[in-house]
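Here is the structure we will look at, set down as structure tokens.
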Amino acid sequence: MGSKVVREQSDGRPKDGTGISEFHLERYRYILQQLGATNENVHRFLALYQTLATTIAAAALALFVGYRKWSIDPNVAKAGVIGLFVLLTVVAAFTALLIVVGVMTWIDYRREECELTTEMVGQNFRSPPRLRNFFRWYETYVLGFVLVSVSVMWMLAVTYVIPAIK
């Protein structure tokens, strides 16, 4: 089997009439790879948040349960619990920021993909992403989980844990 050698015109398009150059094909592969990477990153961010949130909440609970046995002043124990929940909030905010930046990156790559396919394949081959479809994106629900979980943990801490430290 011989390979077909396609000569490119001065504008970078092949002379065989396909309109797709090796550069365009490689760029398309790169865009698809980046889209996949941004999708995978959300799972990494969620795993990181879950791990850190569980550890920080467990530390706050351990402080609550053990402050008497460890002879820690109740005011110091309260401050420690509040400090741990502030740290939890910082972790949640950072996770939320990473998710939002990931969505913005994904949108940019999708738009670039749409422009490239319009140029190479034809009009309306791929529709650009629409922000109004945010309720279909799993990132929306991951972000919602992060925000709701940190809010619930704060509510439980303020309602039950901190008042019980005496």
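The values are calculated or read from the model by the stated rules, or taken from the named source; none is laboratory data. Since this is a predicted model, take the numbers as computed values, not measurements. Counting neighbours? That spans all protein chains shown, and the Cβs are built from the backbone with ideal geometry, glycine included.
If I filter the range 75-83 for residues that are outside any loop (DSSP other than H, G, I, E, B), basic (Lys, Arg) and closer than 26 Å to GLN34 by Cβ, do I get at least one hit?
Within the range 75-83, not a single residue is outside any loop (DSSP other than H, G, I, E, B), basic (Lys, Arg) and closer than 26 Å to GLN34 by Cβ.
Output the residues belonging to the range 122-148 that are loosely packed, with under 13 Cβ neighbours inside 10 Å and of a type in the set (A, V, I, L, M).
Scanning the range 122-148 gives LEU131, VAL148.
Evaluate the following for ILE82: is it β-branched (Val, Ile, Thr) and buried (at least 19 other Cβ atoms within 10 Å of the Cβ)?
In short, no.
How many of the residues in the range 37-62 are small (Gly, Ala, Ser) and surrounded by 15 or more Cβ atoms within 10 Å (Cβ to Cβ)?
So the count comes out to 4.
If I filter the range 111-137 down to residues being in a helix (DSSP H, G or I), in contact with a helix residue (DSSP H, G or I) (Cβ under 7 Å, 6 or more places away or on another chain) and touching a residue at least 12 places away in the same chain (Cβ under 8 Å), which single residue comes out as farthest from ARG27 (Cα to Cα)?
The selected residue is MET120.
What's the total number of residues in the range 149-163 that are of a type outside the set (S, T, N, Q) and surrounded by 11 or more Cβ atoms within 10 Å (Cβ to Cβ)?
Residues in the range 149-163 being of a type outside the set (S, T, N, Q) and surrounded by 11 or more Cβ atoms within 10 Å (Cβ to Cβ): 8 in total.
Which pairs do you get when a residue that is free of Cβ contacts under 8 Å to residues at least 40 places away in the same chain, found in the range 40-61, comes within reach of a residue that is aliphatic (A, V, I, L, M), reach meaning Cβ atoms under 8 angstrom, with the pair 6+ apart or on two chains?
Hits for this filter: LEU52/LEU88; LEU52/VAL91; ILE56/LEU84; ILE56/LEU87; ILE56/LEU88; ILE56/VAL91; ALA59/LEU84.
Inside the range 63-75, can you point out the residues that are without any contact (Cβ under 8 Å) to a residue 40 or more places away in the chain and surrounded by 13 or more Cβ atoms within 10 Å (Cβ to Cβ)?
LEU63, ILE72
I'm checking my understanding of the structure. Among residues of the range 89-110 that are of a type outside the set (A, V, I, L, M, F, W, C) and in contact (Cβ under 8 Å) with a residue 24 or more places away in the chain, which one is nearest to VAL42 (Cα to Cα)?
GLY102
Would you point out the residue of the range 14-34, among those that are at pLDDT 90 or above and in contact with a helix residue (DSSP H, G or I) (Cβ under 6 Å, 6 or more places away or on another chain), that is surrounded by the fewest Cβ atoms within 10 Å (Cβ to Cβ)?
Top of the filtered list is GLN34.
Report every pair of residues separated by at least 6 positions or lying on different chains whose Cβ atoms are under 6 Å apart, first residue within the range 139-166 and over 22 Å from VAL42 (Cα atoms), second assigned to a helix (DSSP H, G or I) and of a type in the set (D, E, K, R).
ILE162/LYS78; ILE165/LYS78
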